[in-house]
Amino acid sequence: MSRSMTAWLEQQAAVRERRGLARTPTTRLGGDPEVDLASNDYLGLATDPRLAEAAREAIGRWGTGATSSRLVAGTTALHLELESGLADLTGMESALVFSSGYLANLGVTTALGGPGTLIVADEHCHASLIDGFRLSRSRVETVPHNDPGATGHQLRTRTEPRALIAVESIYSVFGDAAPLPQLLALAEEHDAMLLVDEAHSLGVAGCGAFQGHGSVAGTDLSAHPNVVLTATLSKSLGSQGGAVLGSALLREHLVNRARSFIFDTGLAPASTAAALAAVGIIRAEPWRAAAVHRNSASLTAGLAPALHAPTLQRRGAAVGPDGSPIQTAGAVQSIPMPSAAAALAASQAAHRAGVRIGCFRPPSVPDGVSRLRLTARATLTPHDIDYACATLRRILEETP
């Protein structure tokens, strides 16, 4: 490696260390006894034997890899069955499966973007959407979080013939929900497309017969011509991959224009089959989505004493006007911390006590808003929640 590059890399490493932003992948061990409040396996399906058996059968029939891109020889009957199942689950006309949720967001934003498309993006959009915006060559206007008024202003004053509103149905760090009905009304009024990332909603959100089908299923957004969905198969579905859902015309456009679909090897058969099995489980076992919300409420209530602490209140903890903890829209509970170093120290202390939690520091969140991120998974037991809350209350109360 060149001397100048080596010096620059060493300098970058020193800056990260000084700011408390150095990262190291956390290694999980088989049979790990920790209470898991960090993973996105919201429904507990990543270790479900039914998904494992579906994956084994797929390997036996189709092999371990897709062998090529979807347009060459990488599409199997499993891919088409999964796309049909996802479209039916979410109430959309069609779906196209990608090899990751990240690539699904890159694919749809770049295929719909360009110099003639304005993208109006919520400031809390995920990095995969932001990267897609940058690659799309569109003009991008970022609006304050969950602000339909600012979104409407950008749409009214645009000069581009096309517009795309980009949001997450449930946000990945703060856990709050987007105002989808108001945004749909704006999309209709201003002839815009509404792109809804369902990564943290699919499998978790939904009411009545649509429990677990996501935030859009069963609403006015479902199968609406102005609505596009993206989703990941690696969270609630316990597998790997991603999807874009919308009209058949959109699917045909993506097949021909989405570079992250055209030039990428197809999703492996094992992951495809596991995700397909998960779709069936979500339909058959709505108790899993209900358990997520029940456990989320228990987690919020159990952390209430710590969330009322003056130090957390000054940092904007999730407590409402009446002093009660705010219940998030899905599985995510987000706790603000005074610094990146404090967030890291708290997560490490929890890990030593047998509780795994998320630690979000810049650039995962904006500068100055490092947070602990907890996920209320369906398979947590009351004992898990009680122990985790007691542990976290102690850690938070000791945080200066």
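The values are calculated or read from the model by the stated rules, or taken from the named source; none is laboratory data. Since this is a predicted model, take the numbers as computed values, not measurements. Cβ: placed from backbone, ideal geometry, glycine included. Neighbour counts: every protein chain shown. Just the protein is used for accessible areas: all its heavy atoms, side chains included, with ligands, DNA and RNA removed. Shrake-Rupley method; radii C 1.70, N 1.55, O 1.52, S 1.80 Å.
Observations on the model:
- Quotient of the Cα radius of gyration of segment 199-302 and 2.2 N^0.38 Å, N being its number of residues: 1.20.
- Selected from 44, 175, 65 as most flexible by GNM, with the chain as the system and alpha-carbon contacts under 10 Å: 65
- Positive dipole terminus of the chain, leading residue within 179, 100, 90 (C-beta point charges): 100
- Using θ = phi - 60° and Karplus 6.51 cos²θ - 1.76 cosθ + 1.60, couplings along segment 137-153 (whole Hz; Gly, Pro as x): 6, 7, 6, 10, 10, 8, 10, x, 4, 6, 10, x, x, 5, 5, x, 4
- Label sites at residue 160 and residue 207, each approximated as a point 7 angstrom past Cα along Cα to Cβ, lie 3.4 nm apart.
- Value of [θ]222 nm, deg cm²/dmol, for the chain, DSSP H segments ≥ 4, -39500 (n - 2.57) each, nearest 500: -13500 deg cm²/dmol
- Fluctuation leader among 257, 156, 371 - the chain, Gaussian network, Cα springs under 10 angstrom: 156
- Apportionment of accessible area to carbon and sulfur, the chain, percent (1.4 Å): 55 percent
- Whether segment 42-91 is rounded, prolate or oblate, judged on the alpha carbon gyration tensor where a/c under 1.5 counts as rounded: oblate
- Across the options 273, 329, 358, the greatest Cα extent toward the positive end of the charge dipole of the chain (unit charges at beta carbon of Lys, Arg, Asp, Glu) belongs to 358.
- The alpha-carbon atoms of segment 78-215 define a convex hull whose volume equals 109 cubic angstrom per residue.
- A dipole drawn for segment 1-99 from +1 and -1 charges on Cβ atoms has a positive end, and of 80, 64, 8 the residue lying farthest that way is 8.
- Only Lys, Arg, Asp and Glu carry charge here, each on its Cβ (+1 for the first two, -1 for the last two); on that basis segment 54-132 has a dipole of about 380 debye about its Cα centre.
- Ranking of 171, 387 by solvent-accessible surface, largest first: 387, 171 (1.4 Å probe, protein heavy atoms only, all chains present).
- Overall form of segment 240-289 per C-alpha gyration tensor (a/c, 1.5; a/b vs b/c): oblate
- Summing Cβ point charges (Lys, Arg +1; Asp, Glu -1) relative to the Cα centre of segment 94-176 gives a dipole of roughly 400 debye.
- Taking the centroid of alpha carbons for each part, segment 336-395 and segment 136-205 are 29 Å apart.
- Each peptide in 103-113, 78-88 receives the mean, over its residues, of other Cβ atoms within 10 Å, and ordering these scores from highest gives 103-113, 78-88.
- Normalised by 2.2 N^0.38 Å, where N is the number of residues, the C-alpha radius of gyration of segment 1-144 stands at 1.43.
- Cα gyration tensor shape for segment 2-63, rounded if a/c is under 1.5, else prolate or oblate: oblate
- With Rh defined as the Kirkwood radius, the inverse of the mean 1/r over Cα pairs, the Rg/Rh of segment 117-164 is 0.95.
- For residue 290 and residue 80, the FRET efficiency from 1/(1 + (r/R0)^6), where r spans their Cβ atoms and R0 equals 45 Å, is about 0.90.
- Counted over the chain, the DSSP beta bridges are approximately 50% antiparallel.
- Average accessible surface for segment 59-139: 40 Å² per residue, computed with a 1.4 Å probe over protein heavy atoms with every protein chain in place.
- Computed over every Cα-Cα pair of the chain and binned at 20 Å starting from 0, the pair-distance distribution P(r) comes out as 27, 57, 16, 0 percent.
- Dipole magnitude of the chain, debye to nearest 20 (Cβ charges: Lys/Arg +1, Asp/Glu -1, about Cα centre): 1080 debye
- Relative contact order for the chain, counting Cα pairs under 8 Å that sit 6 or more residues apart, in percent: 23 percent
- Using a Gaussian network model of the chain in which every pair of alpha carbons under 10 angstrom is joined by a spring, one finds that among 14, 209, 187 the greatest mean-square fluctuation is at 14.
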